[in-house]
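In what follows, a single structure is set out as structure tokens and then discussed.
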Amino acid sequence: MVTFIDQHRDAYGVEPICAVLSIAPSTYFRCKAEQRDPMRRSARRQRDEVLRAIIRRIYAEHHSVYGPRKVWRQMGRQGLHQARCRVRR
């Protein structure tokens, strides 16, 4: 939605577009602020981005056949202890 608003904001403005899409303008502005400065993201989202990179690395190293359980176990062998539900998510 942010991309759509960016494409049409000059013609219509942010607030009218958000009213039609039924989202708060503050949601759009918060997303834009997070894109400009990733440190404004929540701590959980920042940790998830790091975890996502680790999971993708392990998944690629094992020929893209590991599921969440095997990725979680491989992370444990590498000393990266996380909850299995976080890895699955």
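Below, the figures for the structure above:
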read-out: Tally, over region 1-45, of residues that are outside any helix (DSSP H, G or I) and out of contact with any Leu (no Cβ under 9 Å at 6 or more places or on another chain); value: 7
read-out: Residue among Ser22, Ser42, Ser26, Ser64 that is open to solvent by less than 100 Å² (accessible area, probe 1.4 Å) and on the phi > 0 side of the Ramachandran plot; value: Ser64
read-out: Those residues of region 69-89 which are assigned to a helix (DSSP H, G or I), open to solvent by less than 70 Å² (accessible area, probe 1.4 Å) and either among the β-branched types (Val, Ile, Thr) or over 12 Å from Ile58 (Cα atoms) (or both), in sequence order; value: Val71, Arg86, Val87
read-out: Cβ-Cβ under 8 Å pairs, at least 6 apart or on other chains, region 67-89 side more than 14 Å from Arg52 (Cα to Cα), far side open to solvent by 60 Å² or more (accessible area, probe 1.4 Å); value: Arg69/Arg84
read-out: Number of the condition not met by Ala53 [criteria: (1) out of contact with any helix residue (DSSP H, G or I) (no Cβ under 7 Å at 6 or more places or on another chain); (2) in contact (Cβ under 8 Å) with a residue 12 or more places away in the chain]; value: (2)
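The values are calculated or read from the model by the stated rules, or taken from the named source; none is laboratory data. All values reported here derive from a predicted model rather than from experimental measurement. Virtual Cβ from ideal backbone geometry, glycine too; neighbours counted across all protein chains shown. The area values use the complete protein model at the heavy-atom level, side chains included, leaving out ligands, DNA and RNA. Shrake-Rupley method; radii C 1.70, N 1.55, O 1.52, S 1.80 Å.
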